[in-house]
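The values are calculated or read from the model by the stated rules, or taken from the named source; none is laboratory data. This one's a predicted model, so the numbers in the text were calculated from it and none came from an experiment. Here the Cβ positions follow ideal geometry from the backbone for every residue, glycine too, while neighbour counts run over all protein chains shown.
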Amino acid sequence: MRIAVAVSGGLDSLASLVMLREEGHDVLALHARFFPRLDEHLEKRLKGICTSLGVEMHVTLLQDEFAARVIDPFVQDYLDGLTPNPCARCNMRIKFGLLLDRALELGASALATGHYAGIKKNSSGPVLMRALDQAKDQSYFLCLVPPRRLARAKFPMYHHFKSSMQEFLQNRNITVPAREESNEICFIPGDYRDFIAGRLEKSHEPLPGPIVDSSGRTLGRHQGLWRYTPGQRRGLGIAFKHPLYVLRKDLASNTLVVGAREELGAGEFQARDVNILEEPRKWPLDLLVQTRYRQKARPAEVELWGQRMRVRYKGEPGLPVPGQVAAVYSPKGQVLAGGIIQQE
């Protein structure tokens, strides 16, 4: 099988390339440029590694598409009062969208990435699974990728642990050219607020407005609703008798609503643009829902209609944040569906 491997120059993508090659697959390396500034040093070193492995490397230019399909919607979502997940959008629209298309154009039948997740097959199609390395599992970020796209995906990291990958490459005299792994958003070097502020025209800067508690009492002033996200505690600029958290944002009145920790959360929420990865009739009775990357999936009931779903938590309320992704799992770690949490 001819497999294209998306290589960023990082540890996991290079390890994936080497693993597939050693398994006997016909592999090619596919490097995407997402940003206007070219990292010539990185590409030169990456090219050298591929040459030493006897693997051809192709570079595809996706700067404009990445800006239009990931960065611009990210900024607009914040201005619309949401807290977006750009990694999930990138996987859906770029990596398993445009980059997969490029891989197919080059004669590959599949695209492999360094994601910590797994793909199995059943009679319905591809089955997306959590990775063995639970601490690094990235299946949550892949839950919006359509099944027909996941059918072309390969995830060599499925049964491997991140902690062993450095030694894996060192034993083959391969030095990772990219900088160390970052948990931040790849296109934002610092605080997202500074990034968004730098992209706004003066005429479009959101206006300050009131900060109120749940009873409507004014407690202070905010500096633009996009600077805050539900659950946030720091940066409110309010001295109060107990810690305050962002409860919600009212765009119509440009008001930030805050309250005590016990006021956080909701017993249920709805999600839109739902991507079904397993036939609902095959879903188990016990379901788990995850609404943040580092959050533990929690027991819930899920009701589907069209491209929407309603999630009702079993037990304590959760903290669903509009704009974030909600992923539905089986107890065995299969991703059943994913959607984008709606504003109430």
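Descriptive notes on the structure:
- Residue, farthest from Val7 (Cα to Cα), within segment 78-88, restricted to residues that are part of a helix (DSSP H, G or I) and modelled with pLDDT under 95: Leu79
- Only one of Arg69, Arg45, Arg89 that is within 25 Å of Gly231 (Cβ to Cβ), among the charged types (D, E, K, R) and out of contact with any strand residue (DSSP E or B) (no Cβ under 8 Å at 6 or more places or on another chain): Arg89
- Test: residue in segment 269-277 that is modelled with pLDDT under 95 and in a loop (DSSP other than H, G, I, E, B): no
- Residue within segment 254-273 that is within 30 Å of Asn122 (Cα to Cα), in contact (Cβ under 8 Å) with a residue 60 or more places away in the chain and hydrophobic (A, V, I, L, M, F, W, C) present: yes
- Residue check, Arg45 among the basic types (Lys, Arg), touching a residue at least 40 places away in the same chain (Cβ under 8 Å), assigned to a helix (DSSP H, G or I) and surrounded by fewer than 20 Cβ atoms within 10 Å (Cβ to Cβ): yes
- Among residues that are part of a loop (DSSP other than H, G, I, E, B), hydrophobic (A, V, I, L, M, F, W, C), surrounded by 14 or more Cβ atoms within 10 Å (Cβ to Cβ) and outside the structural domain of Arg148 (by TED's automatic domain parsing), Leu236 is included.
- Qualifying residue in segment 144-160 (condition: surrounded by fewer than 20 Cβ atoms within 10 Å (Cβ to Cβ) and in contact with a His (Cβ under 8 Å, 6 or more places away or on another chain)): no
- Top-ranked residue in segment 89-133 [being more than 22 Å from the chain's Cα centre (by Cα) and in a loop (DSSP other than H, G, I, E, B); ranked as surrounded by the fewest Cβ atoms within 10 Å (Cβ to Cβ)]: Ser123
- Candidates are the residues of segment 239-250 that are among the hydrophobic types (A, V, I, L, M, F, W, C) and loosely packed, with under 14 Cβ neighbours inside 10 Å; the one that is modelled with the lowest pLDDT is Ala239.
Results for (1) modelled with pLDDT of 95 or more; (2) out of contact with any Pro (no Cβ under 8 Å at 6 or more places or on another chain); (3) in a strand (DSSP E or B); (4) farther than 15 Å from Cys143 by Cα, shown as yes or no for each residue.
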residue	(1), (2), (3), (4)
Leu285	yes, yes, no, yes
Leu288	yes, no, yes, no
Glu301	yes, yes, yes, yes
Met309	yes, yes, yes, no
Arg312	yes, yes, yes, yes
Glu316	no, yes, no, yes
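- Per the conditions (1) over 28 Å from Arg281 (Cα atoms); (2) modelled with pLDDT of 95 or more, the sole criterion not satisfied by Thr175 is (2).
- Scanning segment 10-24 for residues that are out of contact with any helix residue (DSSP H, G or I) (no Cβ under 9 Å at 6 or more places or on another chain) and more than 16 Å from Ala178 (Cα to Cα), we see that the one that is surrounded by the fewest Cβ atoms within 10 Å (Cβ to Cβ) is Gly24.
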